[in-house]
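Novice: Handing you a structure now.
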Amino acid sequence: MNDHTRDPVLEHFRSGSLTMGVIGLGYVGLPLAAIVGEAGIRVIGFDIDESVVDGVNAGESHIRDLPSSRLAALTERGVLRATADMSRLPDCEVIAISVPTPLSKTRDPDISFILAAASSVAAGLRPGQLVVLESTTYPGTTREVVLGELAKSGLVVGEDFFLCFSPERVDPGNQVWTTRNTPRVIGGVTSRCTAAGEAFYSRFIDRMVPVSSAEVAELSKILENTFRAVNIGLVNETALIADQLGVDIWEVVEAAATKPFGFMRFVPGPGLGGHCIPVDPHYLSWKMRTLDFRTRFIELASEINASMPRFVVDQVRDALNAEGKAVRDSTVVILGVAYKKDIDDVRESPALYIIELLEEAGARVRYHDPYVPSLNDERTGLRESVALTPSLLGRADVVLILTDHSCFDMRGIVAKSRLLVDARNATAGTKARAASRRGVGWIVKGGLA
Ligand code: SAJ
């Protein structure tokens, strides 16, 4: 990699008085804006949602991992301001793009948010700017899509302006690994771009990991998330196998996890939720299909993970049938609808699909989730979280645990329930588990304290 240590332009990024723009003030962009502001760099947050803009300017955080107190400390000092006015982008020497990269209805990449952000940046692009794409996407997006837009200005990348990809690694709810202390990969369209990005991000990220190109950075991020999706698929398939063999999968996983080397613990669950793990690998699959290459691991893992909601509904059916009941006209109380514990996000949550499947089978479904006061999804319609009371549990024909929030009193829940299906091993340790052998590890007899 070329030596850019004495490049005056890079010195400016390393220590100059700069303003940074962050496009997209979600779970990635807002914590990033806060970290940058706390490093003493002026930040302009850009978002198309006026309510987000107003909330940020009022010092009110809509991101659970970023306390409003930290945000207010920045907005009150004028270090951080939010706006929906993209014409202010030329005021920023550095611009990070952290917008959503969802899937379309046909499960293809939807990079419309990236494209819109890139064209906004291109409209005001000026010499000296550094643009960094942070949204997880398929390899080639930075060079083909973002550079495609920026190059329309006539400015030359690596000379007039700089362009990098630097993937976010945010683990929602994780209090240990934060935006600042999580090592961050960065790859530029040219080596000078990489050096510019590394120089700037080193001001507020503890450890930067420069790589030789944007494509290396893009593919490394997708590998990280595909690694998780494939291993979750493997442990979910092992759960299906254990069920066929009448073996407790949770006991199997904990036994395997005692291996101190060469094994990484993943646990089965009701399916794959979130806006990253179930989505990002499909970006790579789509890209490789354009090159006539089949990403078989990704597709197989996706198939298995997508089958888990039906497996959970089958456990509910088996549990009720064993009591001489049908799913039809039974009352099912679901505990937890967020896609994982201790967070409020329901995007791609398997609970949404499980609610739909149970109601299609004629069950009366209620849910309680202290993090999710209401749902409004095409599969669930608009419904409210009900209060968790002894009578709610006592009236339930089966209690279905889909999210193991730490705040749940599992002993109390088991004691007040007649029958449970536990998709998260949340009832481990309660006496009830020992009493149940059917649907080993998933179906739990209640009533025992
Ligand atoms: N899940 C399982 N079994 C497991 C682990 C997870 O069923 O052993 C499920 C979870 O319940 C959840 C889904 O998979 O529904 C995804 O969980 P996750 O924690 O892997 O994913 P996210 O989207 O919350 O956050 C991840 C980050 N998480 C971790 O590294 C632990 C990280 O992979 C990425 O930085 C982030 O996605 C991202 O933004 O890419």
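Novice: If I ask for residues that are farther than 10 Å from Ser212 by Cα and of a type in the set (A, V, I, L, M), which ones from region 175-189 would you list? Steps first, answer last, please.
Specialist: Initial filter on region 175-189 (farther than 10 Å from Ser212 by Cα): 175-185.
The answer is Val176, Val185.
Novice: What do you reckon, is Arg296 within 11 Å of the ligand (Cβ to nearest atom), without any contact (Cβ under 8 Å) to a residue 60 or more places away in the chain and farther than 30 Å from Asp397 by Cα? Working first, answer last.
Specialist: Numbers: within 11 Å of the ligand (Cβ to nearest atom): no; without any contact (Cβ under 8 Å) to a residue 60 or more places away in the chain: yes; farther than 30 Å from Asp397 by Cα: yes.
Taking the combined requirement at face value, the residue does not satisfy it.
Novice: Which one of these does Pro350 not meet: (1) farther than 22 Å from Met410 by Cβ; (2) of a type outside the set (D, E, K, R); (3) within 12 Å of the ligand (Cβ to nearest atom)?
Specialist: Going through the list (1) farther than 22 Å from Met410 by Cβ; (2) of a type outside the set (D, E, K, R); (3) within 12 Å of the ligand (Cβ to nearest atom), Pro350 breaks only (1).
Novice: Another question about this same structure. Does region 221-235 contain any residue that is away from the ligand (no atom under 13 Å from the Cβ) and surrounded by 16 or more Cβ atoms within 10 Å (Cβ to Cβ)?
Specialist: Among the residues of region 221-235, not one is away from the ligand (no atom under 13 Å from the Cβ) and surrounded by 16 or more Cβ atoms within 10 Å (Cβ to Cβ), which makes the answer no.
Novice: When you go through Glu384, Glu356, Glu360, Glu378 one by one, which is the residue that is more than 16 Å from the ligand (Cβ to nearest atom) and at pLDDT below 95?
Specialist: Working: Glu384 fails: at pLDDT below 95; Glu356 fails: at pLDDT below 95; Glu360 fails: at pLDDT below 95.
That would be Glu378, the only listed residue that is more than 16 Å from the ligand (Cβ to nearest atom) and at pLDDT below 95.
Novice: With the checklist (1) in contact with a His (Cβ under 7 Å, 6 or more places away or on another chain); (2) in a helix (DSSP H, G or I) in hand, flag the one item Arg107 doesn't pass.
Specialist: Unmet for Arg107, out of (1) in contact with a His (Cβ under 7 Å, 6 or more places away or on another chain); (2) in a helix (DSSP H, G or I): (2).
Novice: Separate question: Kindly indicate which of Val185, Val176 is touching a strand residue (DSSP E or B) at 6+ places or on another chain (Cβ under 6 Å) and more than 17 Å from His4 (Cβ to Cβ). Show your work before the answer.
Specialist: Working: Val176 fails: touching a strand residue (DSSP E or B) at 6+ places or on another chain (Cβ under 6 Å).
Just one listed residue meets the conditions, Val185.
Novice: Now, a different point. Under the condition of being aliphatic (A, V, I, L, M) and part of a strand (DSSP E or B), which residue from region 11-51 is nearest to Gln129 (Cα to Cα)? Give the derivation first.
Specialist: Looking only at region 11-51, we keep the residues that are aliphatic (A, V, I, L, M), and these are 18, 20, 22-23, 25, 28, 30, 32-36, 39, 41, 43-44, 48.
If we keep only those that are part of a strand (DSSP E or B) too, we end up with 20, 22-23, 43-44.
On the way: Met20: 10, Val22: 13, Ile23: 15, Val43: 14, Ile44: 15 Å.
My answer is Met20.
Novice: Taking the stated definitions as given, is Asp248 more than 20 Å from Val170 (Cα to Cα), touching a residue at least 40 places away in the same chain (Cβ under 8 Å) and either touching a Gly at 6+ places or on another chain (Cβ under 8 Å) or more than 12 Å from the ligand (Cβ to nearest atom) (or both)? Full working, then the answer.
Specialist: Values: more than 20 Å from Val170 (Cα to Cα): yes; touching a residue at least 40 places away in the same chain (Cβ under 8 Å): yes; either touching a Gly at 6+ places or on another chain (Cβ under 8 Å) or more than 12 Å from the ligand (Cβ to nearest atom) (or both): yes.
Yes; evaluated as a whole, the condition is true for this residue.
Novice: Answer with yes or no whether Gly128 is on the phi > 0 side of the Ramachandran plot and without any contact (Cβ under 8 Å) to a residue 24 or more places away in the chain.
Specialist: Numbers: on the phi > 0 side of the Ramachandran plot: yes; without any contact (Cβ under 8 Å) to a residue 24 or more places away in the chain: no.
No.
Novice: Right, next: Condition test on Lys287, is it among the basic types (Lys, Arg), in a helix (DSSP H, G or I) and within 16 Å of the ligand (Cβ to nearest atom)?
Specialist: Numbers: among the basic types (Lys, Arg): yes; in a helix (DSSP H, G or I): yes; within 16 Å of the ligand (Cβ to nearest atom): no.
In short, no.
Novice: Quick one: which of Glu50, Glu38, Glu93 is among the charged types (D, E, K, R), closer than 29 Å to Val145 by Cβ and in contact (Cβ under 8 Å) with a residue 60 or more places away in the chain? Please lay out each step first, then the result.
Specialist: Details: Glu50 fails: in contact (Cβ under 8 Å) with a residue 60 or more places away in the chain; Glu38 fails: closer than 29 Å to Val145 by Cβ.
After applying the criteria, what remains is Glu93.
Novice: Need the failing condition index for Asp54 against (1) assigned to a loop (DSSP other than H, G, I, E, B); (2) among the acidic types (Asp, Glu); (3) over 22 Å from Glu134 (Cα atoms), just the number.
Specialist: Looking at each condition in turn, Asp54 falls short on (1).
Novice: I'd like the full set of residues that are polar (S, T, N, Q) and without any contact (Cβ under 8 Å) to a residue 12 or more places away in the chain, limited to region 62-90.
Specialist: Listed by number, the residues that qualify are Ser68, Ser69.
The values are calculated or read from the model by the stated rules, or taken from the named source; none is laboratory data. Predicted model only: the values in this text are computed from it and were never measured. Counting neighbours? That spans all protein chains shown, and the Cβs are built from the backbone with ideal geometry, glycine included.
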